[in-house]
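For reference, the structure is listed below as structure tokens.
The values are calculated or read from the model by the stated rules, or taken from the named source; none is laboratory data. Computed from a predicted model, the values in this text were never measured in an experiment. Heads up, the Cβs are rebuilt from the backbone with ideal geometry, glycines too, and the neighbour counts pull from every protein chain shown. Side chains included, ligands, DNA and RNA excluded: accessible areas come from the protein's heavy atoms. Shrake-Rupley method; radii C 1.70, N 1.55, O 1.52, S 1.80 Å.
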Amino acid sequence: MDRRTLLSAIAGAGVGSLAGCSATERGEDSETTEVADETAKELAIRFAPTLYFDQAEPWLPTDPRPYASEVDGESIVDGFDALDGYHERYAEMGEPPDPAVFYRAVEYDESPLVVVQFWMYSAFDQFTANFHWHDWEVLHVYVDTETDRPQLYVASSHSRKIPNNEFLDPEPEMVPRILSELGSHSSALSVNDEPDRFQRLAGGDLAADITNSAIESLEALSELPLAYGLPRDEGGRLPFVVPEYEGAPVYEHDRLPNVDSESLVDEELTIRSFEALTSPPTDLPERSTGIVLRHAERAEPAAEDAVADEEATSYDYELLPASEVQHITDYTGPQLSFEFAVPQFAEDAVAGHITTTGAPWDQPRVENPAADITDPNHRRELSNRYDAIGDAAAINTVVTRITEAIETDDAPDGEGLTTQAGTVEAIALLESEPAMVPTFGGVAVARDVPEGEHRLTVNAAGQAPHSQRLTVGGGSDDTATASGSDDTATASETDTATATTSATDTAATDATATSGSEQSTNDGSDPAQRITTAGVDTEIPLVARENAQKLEVDAEGTDADLSDLAVEDDFAGRLYDAPLDGPDAVYVHRGGAYTTEVRDTEGEIGAFRVNPDPDAESDGDTETPPSVRIDRPDTGKASLSSFLASIAAETRDQTAELVDDDDDDDDQEATLEGGENALRGLVRALDAIVTAAERAAENARNGNGQRADRQLGAVANGLETVVERIEAASEDLPDPLTNAARNRVEQATRRTEQAKAAERL
């Protein structure tokens, strides 16, 4: 079986096994009936949206019928025919061919609630790791026919795992506006007075463009409405990837003679692969409106729309009933692939998401548009207003923030990190879901995730990948029921994913690597959201490939039954915390100084000092230096005491470098004038800790716990002395070393208490 066939089969199995899965069942919605033709047309004309597109957009909404063909008595649209035909006709006409929006309207039985749906077809979808033949997007407009007022707008996002862009109670006289994302056509809303820009939060005289709710129980996200939005409008940089078919760029295929590299998203925004870059790209242009589509029968545009159109090319689209294209039974195309550094299982999981969307008419949201309401507060509000809409279900939502780990000026060179907001948007993939989740403002949200074990994989252009296990739990609405844990992929898992990878490679990567912490929370303000947070304190820090080095932990031969692994930097704090099961690895920044902690099933702790070489060279086979490896990590007094000796010796040696007994070094002597005694006192105090800690470790290994504890008592007393000596020498120590010494003393004090409390020697 070739790679493409294998991926397609696995992806299809994933879709089938998850069909209909939900954390709990939501309230039942009433049946719907199609609205009479004339009424549907009147509503469609009234609410026909104005569509704004990026100036680099290649695929505008069009009529798919010119590309249809008969196969076995059924009408289908082949991906090659649609893509090539669209570009051929665009070149011949000099303008977008057949701009069109398709509408249909349904009413909920025994209810005044009507929903007008606007369906938009594009010949192709090119996004970062989400691209496929054909693309259908939809806008739902909920209207109360008794009050003649719109109730809710719902604009479709990338997938139904990502919160849609929604607005409750829009102004009745306002024409809906859609801001279409470049390449992907994900639909953001525009309802305020700035028509061609997306605004997530209200500011100045402008209202927010969405009314989605935030997760108030998570401080980092308490003021961030959860909806995809439009990242490039919000300052997010978003690189696009070239789609491939059978290992070559799709435009090289002989069935696409009218498609070339310039037919796709502009090369200024495009990269060949995430892993081809050593650092995140910084020169990607922001979004700029270039094309506006408006319903041909609409009156002149509003004043604010006209202002937005001044620098854009405007076209009219034809508004057509969806019944005119519902005879097309399928939209087909072969499996595509991509150059994307993900564990093999993640590529398998998303394979179905990079092929074709198929015909949309069998989707639940067609007959029941309320199935597409993703904000639980919006559903609850409509449920309060209309008996036809069931109340929100308690759904599981996975949330995390993607940041970047960088060196900090507060630390000595190459010995400390901080984290900052990411410079590019990332992609998160759930192993159990055939869908990818792009971040907005660095936030990844996957909603309505089934209970059970999952794996979340995160990639961003130019950064080492991250992967982690997640346990998403059920239970009552009022209790915290979900937990998450991190892990970063081992090198064997991060082969480039392309259509030419052999099927043998798929089975060769079962090893997993972990780093992260178990975290759970329930959003008390919204009992319909059960929140699983990924990462440490809802944060996953990625590392630029040029700075990444793998930290491996191999527990084989260890006496204790290890259960958890954590890694923390002297300055950035804990970065990874996760279950440990067999050989594991995480990617760390070479400019950090780390304490690696292991825990066993009896609660005992071990610690190890890790100082990657920031100037380490590649080993020649990979772009990253050789791994830092911890073999047979153990727990208990001996392990912790050895760690104390290591961290004290490290600080002692750095301080001693400032003290030069050579009388010929006049410059150094001048530097130390007035402070040499304080520095020497600090060196002596640290040296005493090294001696006591080494003796404690030796006594523990020899089975003498009482003597080990006496030496640990000496370490504790010595640390108090070191604190005093640091303060006395602070004027003569460089600020970064002073900061490092203080942080390490805090770390050592905590580990000393753990060592004294340890029952395991």
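Just a few scattered comments:
- Number of positions in the range 221-235 that are assigned to a loop (DSSP other than H, G, I, E, B) and of a type in the set (Asp, Glu): 1
- Residue satisfying all of: in the range 48-58; out of contact with any helix residue (DSSP H, G or I) (no Cβ under 7 Å at 6 or more places or on another chain) and assigned to a loop (DSSP other than H, G, I, E, B); surrounded by the fewest Cβ atoms within 10 Å (Cβ to Cβ) among these: GLN55
- With respect to the conditions (1) without any contact (Cβ under 8 Å) to a residue 40 or more places away in the chain; (2) of a type in the set (Asp, Glu); (3) part of a loop (DSSP other than H, G, I, E, B), GLU262 falls short on a single one, namely (3).
- Unique match (being more than 25 Å from PRO249 (Cβ to Cβ) and small (Gly, Ala, Ser)) among GLY85, GLY73, GLY79: GLY73
- Elements of type strands (runs of 3 or more DSSP E) in the range 544-606, at least 3 residues being within 22 Å of ARG742 (Cα to Cα) and under 25 Å from the mean Cα position of the chain (by Cα): 562-569, 573-579
- Among the candidates SER190, SER222, residue that is closer than 23 Å to GLY422 by Cα and not aliphatic (A, V, I, L, M): SER222
- Residue list for the range 402-442, restricted to those being closer than 14 Å to GLU539 by Cβ, among the hydrophobic types (A, V, I, L, M, F, W, C) and surrounded by 21 or more Cβ atoms within 10 Å (Cβ to Cβ): ILE402, ALA405, LEU417, ALA426, ALA428
- Subset of the range 293-343 (residues that are touching a Leu at 6+ places or on another chain (Cβ under 7 Å), at pLDDT 95 or above and of a type outside the set (Phe, Trp, Tyr)): LEU293
- Filter result for the condition that a residue is touching a Pro at 6+ places or on another chain (Cβ under 6 Å), modelled with pLDDT of 85 or more and either open to solvent by 10 Å² or more (accessible area, probe 1.4 Å) or closer than 25 Å to THR419 by Cβ (or both), over ARG590, ARG629: ARG590
- Qualifying position, being modelled with pLDDT of 90 or more and under 21 Å from LEU221 (Cα atoms), among VAL398, VAL437, VAL366, VAL449: VAL398
- Among the residues making up the range 717-735, those that are surrounded by fewer than 18 Cβ atoms within 10 Å (Cβ to Cβ) and not hydroxyl-bearing (Ser, Thr, Tyr) are ASN717, GLU720, VAL723, GLU724, GLU727, ALA728, GLU731, PRO734, ASP735.
- Residue match in the range 19-38 (condition: modelled with pLDDT under 95, among the small types (Gly, Ala, Ser) and open to solvent by 70 Å² or more (accessible area, probe 1.4 Å)): yes
- Within the range 128-177, tally of residues that are of a type in the set (Ser, Thr, Tyr), in a loop (DSSP other than H, G, I, E, B), surrounded by 22 or more Cβ atoms within 10 Å (Cβ to Cβ) and at pLDDT 90 or above: 1
- For the range 70-102, the candidate set comprises residues that are touching a Leu at 6+ places or on another chain (Cβ under 6 Å) and in a strand (DSSP E or B); within that set, the residue that is most open to solvent (accessible area, probe 1.4 Å) is PRO99.
- Qualifying residue in the range 381-389 (condition: basic (Lys, Arg), part of a helix (DSSP H, G or I) and modelled with pLDDT of 95 or more): yes
- The numbered conditions (1) open to solvent by 50 Å² or more (accessible area, probe 1.4 Å); (2) at pLDDT 95 or above; (3) more than 30 Å from ARG401 (Cβ to Cβ) are all true for ASP615 except (2).
- Any hit, the range 238-259, residues being in contact with a Lys or Arg (Cβ under 7 Å, 6 or more places away or on another chain), farther than 30 Å from LEU168 by Cβ and among the β-branched types (Val, Ile, Thr): yes
- Flag for LEU224 being touching a residue at least 60 places away in the same chain (Cβ under 8 Å) and under 20 Å from the mean Cα position of the chain (by Cα): yes
- Residue satisfying condition, being in a helix (DSSP H, G or I), closer than 30 Å to THR601 by Cβ, modelled with pLDDT of 95 or more and open to solvent by less than 30 Å² (accessible area, probe 1.4 Å), within set ILE647, ILE689: ILE647
- Of all residues in the range 542-569 being touching a Leu at 6+ places or on another chain (Cβ under 8 Å) and open to solvent by 10 Å² or more (accessible area, probe 1.4 Å), the one that is modelled with the lowest pLDDT: ALA555
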